[in-house]
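Each remark here refers to the structure printed beneath this line.
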Amino acid sequence: MTFSIHFLLCNLVIAVLAGMLLLLKRIFKKYLTADSRYHMWYIFTAALFLPFLPESLTQNDWMQDLFYNASAALITAPVEADHIASSTSSASASSVPSLGLYDLAEAVRSTDFSDFSRIFTLFWLAGCALTVLYYLLQIYRIHRIRKSGYAVTPETEPELYDLFLSCRKELKIRRRVSLYTSCSLTSPVSYGLLFPTVIIPQDLDILLDPRDLRFIFLHELQHCRQKDAVLNNLSCFFQIIYWFNPLVWYCFAVMRCDRETACDHAVIRTVGKEHAAGYGYTLIRYAENLGRKSFLSPLSLLGGEKEAVMRRIREIAGYRADTPLNKARSICILLMSALFVCTAAPFLSVRTFGAASDSYADVPAEAPGKSYEENTEYVDLSRYFHGLEGTFVLYDMTDRHFRIYNEELSTRRVSPDSTFKIYSALFALEKGIISPDSTALPWDGTEYNFDSWNRDQTLESAMQNSVNWYFQELDRLTGYSALSDYYREISYGNCNLTGGIDTYWAESSLKISPVEQVLLLADLLQNKWGFADENIRAVRDALFISETTVGKLYGKTGTGSVNGQNVNGWFVGFLENDGHMCCFAVNVQSGADTDSSAAGNISGSTGGENVSGSSAAKIALEILAAE
């Protein structure tokens, strides 16, 4: 799943999350203190970080399964199947059909969102750029206002400064807070985290009496004391990132109202309930001069929309001191909200996209005493590919020697398609979902296009007929978290399962190179991961295809399609001959340089149709028989 698709899906989850938090605030309004209503927005802001966090920090097995299943349903359709029927006949290049190495592929991944993803990404970045420019303009305006204002000091305005200083001491604020007056403002504002600053309109001390000024100073200094600049700047950042999501903007507008209400209550707690009416009258007397809402601004404004100011005045008029019971209830509701966000975390988090390389660059294992160059033989096998773009990798486990055709493609990571089923089965065996003696899963009655799928399956029959539903069910029962851990344990390609637990392997997020395929098969046969020996044997037996003239053949095909066009074909496996083991992988891909007429020589059809597991198997058997 691309970042843009994931980000859009996360916005849907964030919309639900925001709606739930707003609903909680409404339902428990009378139980929440003003401070708690404001602090709830810190929880919402934390949730906005989640789409950019690595999934390892927020793993939750069953919920991740649910999210990836749901996301996969939105962007994919059922995927391909490959078929290998066991046989006891001898293999040669001409006997491929007798081995049953052909595909039953019909239902495929049907939609390619790459164009949409690119368009959305450009659109999103353009919107971010515009909102960043506007935010920087706001910062510049604030800078200009401060520069054009006058600093209030003991020398310039001794009485005003003394009143401001006494308010600062009353709130026990030890750090320095600068005070300025400006004729460019109609409402007091505060801002700044490292260097907190309060700016008031010029001549405010003439318009208001000392009591009203004290109330205003206490209000603005409360913003500094509570470090509201943190949430102010975070809200600006997320309004830039989520500029296209109106619910995010609405939530931060509500947050600003809750911030001012919390500040009002803090001022009343400081001056005493008996002065609440006086504080409210200050807002009323000054209401005509209070500033309107500021678009994408890091400022804490005393004013706001008239409706919001009147709501605050009603809250001040009905002010009641917070009781211990109310505080306890508020803490419980906040914890419930935090728990709700934590529960939603797996729906939002994601592995860092693009973190895994699309190429496998590690040097393959070397034989003792041999350099990499001496250990690898590059051969020209293009004649076997009949114009198809592809690669062949053979690894002799005895000599630890590689034979590689097309070095570039041999290390390029692509989707494994149905070859993933080798390891899906192994993980399910290790997890205890199935056992070597009991691998059967019942058919649920869903009608598929292939008769061989429409019945109960064992591991052997499911592997031979490449029955998607069998391995998808194994993955679901294994669980996303355990599955992800297993893939990392064996270092399977990029280990990225974000494409959805049902479809991560089908031209989606999981990718692996042919070189990695043969090295993993070698590790499987040697059981380097310390899995149960009987589980290794069960998977190995399920991969058996035929006795051939060059030894016992084991393998698995895979075909990947996008928008009805085959784009990827695999055949991976190993040969056993008198205890001598060779692992191999053939991968063919559709490309602009593919010679369709030449490719048609494989089976008499076009090149696009020949990019399949069947054609890869035919190529592999031709090479193994001749080379």
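General remarks:
- For Ala105, the conditions (1) part of a loop (DSSP other than H, G, I, E, B); (2) at pLDDT below 90; (3) surrounded by fewer than 17 Cβ atoms within 10 Å (Cβ to Cβ) all hold with the exception of (3).
- Complete set of residues in segment 1-29 that are touching a residue at least 12 places away in the same chain (Cβ under 8 Å), open to solvent by 20 Å² or more (accessible area, probe 1.4 Å) and farther than 30 Å from Leu510 by Cα: Gly19, Met20, Leu22, Leu24, Lys25, Phe28
- Subset of segment 197-236 [of a type in the set (Asp, Glu) and either at positive phi or assigned to a helix (DSSP H, G or I) (or both)]: Asp203, Asp205, Asp212, Glu220, Asp228
- Selection within segment 174-191 - in a loop (DSSP other than H, G, I, E, B), among the aliphatic types (A, V, I, L, M) and at pLDDT below 90: Leu185
- Of all the numbered requirements in (1) among the hydrophobic types (A, V, I, L, M, F, W, C); (2) within 20 Å of Ser297 (Cβ to Cβ); (3) in contact with a helix residue (DSSP H, G or I) (Cβ under 6 Å, 6 or more places away or on another chain), Leu137 misses one, and that requirement is (3).
- Some residue of segment 258-272 being over 19 Å from Phe215 (Cβ atoms), under 45 Å from the mean Cα position of the chain (by Cα) and not in a helix (DSSP H, G or I): no
- Residue match in segment 380-389 (condition: over 27 Å from Trp505 (Cα atoms) and of a type in the set (D, E, K, R)): yes
- Test result for Glu460, within 22 Å of Ala532 (Cβ to Cβ) and either more than 29 Å from the chain's Cα centre (by Cα) or modelled with pLDDT of 95 or more (or both): yes
- Counted residues, segment 313-327 - those being aliphatic (A, V, I, L, M) and open to solvent by 50 Å² or more (accessible area, probe 1.4 Å): 3
- Hits in segment 579-623 - residues which are modelled with pLDDT of 90 or more and more than 39 Å from the chain's Cα centre (by Cα): Met581, Leu621, Glu622, Ile623
- Selection of helices (runs of 4 or more DSSP H) fully inside segment 457-524 by the criterion of at least 2 residues being open to solvent by 10 Å² or more (accessible area, probe 1.4 Å) and polar (S, T, N, Q) returns 459-464.
- Whenever a residue of segment 336-349 is more than 16 Å from Trp41 (Cβ to Cβ) and of a type outside the set (Phe, Trp, Tyr), its partners that are modelled with pLDDT of 65 or more and not in a helix (DSSP H, G or I), lying with C-beta atoms within less than 6 angstrom and at least six residues away or across chains, give the pairs Ser349/Leu53.
- Only residues that are under 49 Å from the mean Cα position of the chain (by Cα), buried (at least 16 other Cβ atoms within 10 Å of the Cβ) and assigned to a helix (DSSP H, G or I) were counted in segment 145-164, giving 3.
- Number of the condition not met by Leu194 [criteria: (1) in a helix (DSSP H, G or I); (2) open to solvent by 70 Å² or more (accessible area, probe 1.4 Å); (3) closer than 24 Å to Phe237 by Cβ]: (1)
- Remark: pairs (first residue in segment 259-286, open to solvent by 10 Å² or more (accessible area, probe 1.4 Å); second residue among the basic types (Lys, Arg) and assigned to a helix (DSSP H, G or I); Cβ separation under 6 Å; 6+ apart in sequence or on different chains) = Thr261/Arg312.
The values are calculated or read from the model by the stated rules, or taken from the named source; none is laboratory data. Just so you know, these numbers come straight off a predicted model, no measurement behind them. Because the Cβ atoms are built from the backbone with ideal geometry, glycine has one as well, and the counts that use them run over all protein chains shown. Keep in mind that these areas ignore ligands, DNA and RNA; they rest on the heavy atoms of the full protein, side chains included. Shrake-Rupley method; radii C 1.70, N 1.55, O 1.52, S 1.80 Å.
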